[in-house]
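Scroll down for the structure; my scribbles are underneath it.
The values are calculated or read from the model by the stated rules, or taken from the named source; none is laboratory data. As the structure is a prediction and not an experimental result, all values here were calculated from the model. Reconstructed Cβ throughout: ideal geometry from the backbone, glycine too, with neighbour counts over all protein chains shown.
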Amino acid sequence: MSTSEDSWVVGVQAVHGNPYDGHTLKDALDQAQAISGWRPQHAYCDKGYKGAPAALGDTEIHLANKKKKSMKASAWKWYRRRSGIEPIIGHVKQDHRMDRNYLKGEEGDKINAILAGCGFNIRKLLRAILLWLFKERFRGINLNLMPLMEYLPRRFQTN
């Protein structure tokens, strides 16, 4: 599970067996609430969650089975954003050692998944800090840093 704007990882789970996606949604939302302190108002899910309830507590569940013509442009923006989650999952698996787990048992799988999500966020935060320091160091020099600014989270960007 990741945030909609800046793609921060707010929840990672290691599930065993082959559970139906709809059964894991409540646990993912609960974990995101426990970690971040807030519960998402909307969850945009792929077709694997078909059959899940339309709402879980205060969270409204939206499935990607609607046609573009029948929805508003603002809603379509969020459905397009949902497809941006898959590359984040790929980066966490590839770059943060989720391809091979050296920890033992189910607890080791859970620990490995959580630490991989933390590593993704720490790398993103360090990149933002280093870019900010670089920008401060060369403030007097007229450099075009705008191509680099897209890598910063929105709260670090200066408009």
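Just to be sure I understand the filter: pairs with C-beta atoms under 8 Å, separated by 6 or more residues or on different chains, first member in the stretch 79-92 and over 19 Å from I61 (Cβ atoms) and modelled with pLDDT of 75 or more, second member among the aliphatic types (A, V, I, L, M) and surrounded by 11 or more Cβ atoms within 10 Å (Cβ to Cβ). Which pairs pass?
I88/V9; V92/V9; V92/V12; V92/M98; V92/A116
State whether the residues of the stretch 119-129 include one that is buried (at least 16 other Cβ atoms within 10 Å of the Cβ) and not in a helix (DSSP H, G or I).
Within the stretch 119-129, not a single residue is buried (at least 16 other Cβ atoms within 10 Å of the Cβ) and not in a helix (DSSP H, G or I).
Take I129 and tell me if it is modelled with pLDDT of 75 or more and over 25 Å from K47 (Cβ atoms).
So I129 fits the description; yes.
With R139, R123, R97, R155 as the choices, which residue is more than 28 Å from I35 (Cα to Cα) and either among the basic types (K, R) or at pLDDT below 65 (or both)?
R139
Does the stretch 130-140 hold any residues that are in a loop (DSSP other than H, G, I, E, B) and touching a Leu at 6+ places or on another chain (Cβ under 9 Å), and which are they?
Selection gives F138 alone.
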